[in-house]
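To keep things clear, I will list the structure first and then write my remarks on it.
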Amino acid sequence: MHEDVRDVDAIRVLASGSVVADRGQVPWLVVDDDGSPVEPVRRYLNDFVARGASSASVRSYAYALLRWWRWLRAVDVAWHQATPADVRDLVLWLQRAPKPRSAERTVSVTTAGTVNPVTRKKHLGDGYEPRTIRHSNAVVRAFYTYWTEDVRDGPLINPVQLDRRHQERRPHAHHDPLEPFRPEGKLRYNPKVPKRRPREMPDRAWSDVFARLTSNRDRALLSMDISCAARASELLGLCMDDLDWGDQLVRVIRKGTRAEQWLPASSESFVWLRLYLADLGRPLAPNAPLWWTLRRRDHGDGLRRQPMNYEALRAVLRRVNAALGTNWTMHDLRHTASLRMSQDENLSLKDVQVILGHAHLSTTADIYTVEDDLHVVRRVHQHLAEREKRNRQTPAPVADGYDGADLAVLFGEV
């Protein structure tokens, strides 16, 4: 029996259902058009929360499962009857379909998918990135793993399967106990992701970015990030009692492990932090969020302060990028701080691993021990300039039969 091949270009995925915040034990739910939760997804997310997932992770998984639910409705397949062919066709569709947007591109319509000439980073395009597709596959596989292995009253197979064609021996048969375990195999329909090297923001570029910041809050936040290499979500989660003013330390909750860790920050960032807190005009409680922003609320009383979220932080960088013609992100600051530390002879790679919160030293080594292309180009330019300078200082010898003085008169001194 031959399998029917779908024309993925002809499939129209409707924007049915949504992800909504909930006050219950599951902070984010996938709901149908009538507002009722999608029960299989709700049960899985409930288990996901019980295993220690953060609210941000639950939200990310909910959106990936909403996309899967919309796809199954578009191809008219029940969730418990999905096959690997349905996963394959979704991947093919994601590789070709434009991402839905709440509003059309305006400012970025001419730069989408192009490389920024200043930062040399690629602007986000209108399609789904390979990392998004891989994340979608991982979430759907985890969802079906829960139903096929933990619950055992759902579908018979997991439609997101491993590609074992190149696995000729038992997994981890000769595993080195000093090395982390590797995944047993890649997912069958995962697209390849080009390996990107972290790029250090040049000092001149950082000065330009800093000069465009318009508030002491933004100066404190960005200068703290570029000195302690924390993730944006970790910095936004700071409270007043997470500050050690004497030793200039900040306490962050690590993404993933949820472990507490004190990180050293620069004295400059603490100076800007004091100025920002003075601008607030009122003391903050010890357990109060550190970063606040003004937002208009529907209470008829104008602007009100509320804790700063990631969208507000992105708005800060959008204004800076619009003024400079760049596309810097907060993660570029983390990369910059990490590369500066990895190139410092006074710090070991283990020191950098601890600051970054990586579980394995190999992760730090793989990312931050590579040579930056810009540094290589700069050194090669310097090499060529020095060779040219030496050639000018050491003229070529005069061949037999010619007088050096006559050649100097004819061609001039070199």
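The values are calculated or read from the model by the stated rules, or taken from the named source; none is laboratory data. Values in this document were obtained by computation on a predicted structure and should not be read as measured data. Counting neighbours? That spans all protein chains shown, and the Cβs are built from the backbone with ideal geometry, glycine included.
Quick notes on this structure:
- Against the conditions (1) closer than 30 Å to G125 by Cα; (2) surrounded by fewer than 15 Cβ atoms within 10 Å (Cβ to Cβ); (3) more than 22 Å from the chain's Cα centre (by Cα); (4) of a type outside the set (A, V, I, L, M, F, W, C), S55 satisfies every one except (3).
- The condition (being of a type outside the set (F, W, Y), in a loop (DSSP other than H, G, I, E, B) and within 20 Å of R101 (Cβ to Cβ)) is satisfied by just one residue among R70, R12, R6: R12.
Residue-by-condition table, conditions (1) within 18 Å of the chain's Cα centre (by Cα); (2) within 23 Å of V316 (Cα to Cα); (3) not β-branched (V, I, T):
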{"position": "R196", "(1), (2), (3)": "yes, no, yes"}
{"position": "M201", "(1), (2), (3)": "yes, yes, yes"}
{"position": "D225", "(1), (2), (3)": "yes, yes, yes"}
{"position": "L236", "(1), (2), (3)": "yes, yes, yes"}
{"position": "D247", "(1), (2), (3)": "no, no, yes"}
{"position": "V250", "(1), (2), (3)": "no, yes, no"}
{"position": "G256", "(1), (2), (3)": "yes, no, yes"}
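- Any pair with Cβ under 6 angstrom, 6 or more apart, that starts in the range 189-207 at a residue that is surrounded by 16 or more Cβ atoms within 10 Å (Cβ to Cβ) and ends at one that is outside any helix (DSSP H, G or I): E200/D372
- R96 vs. criteria touching a residue at least 40 places away in the same chain (Cβ under 8 Å), touching a strand residue (DSSP E or B) at 6+ places or on another chain (Cβ under 9 Å) and not in a loop (DSSP other than H, G, I, E, B): no
- Unmet criterion (only one of (1) buried (at least 16 other Cβ atoms within 10 Å of the Cβ); (2) closer than 21 Å to V354 by Cβ; (3) touching a residue at least 24 places away in the same chain (Cβ under 8 Å)) for D218: (2)
- For first residues located in the range 319-340 and assigned by TED's automatic domain parsing to the domain that holds L356, partners that are of a type in the set (K, R) and assigned to a helix (DSSP H, G or I) and lie 6+ apart or on another chain with Cβ distances below 6 Å form the pairs V320/R212; A323/R212.
- Selection from the range 271-320 of residues that are among the small types (G, A, S) and at pLDDT below 90: G281, G300, G302
- Residues that are crowded, with 16+ Cβ neighbours inside 10 Å, in a loop (DSSP other than H, G, I, E, B) and at pLDDT 95 or above, drawn from the range 239-270: Q248, A265
- Selection within the range 144-165: residues that are over 12 Å from L187 (Cα atoms) and in a loop (DSSP other than H, G, I, E, B). The member of this set that is modelled with the lowest pLDDT is R152.
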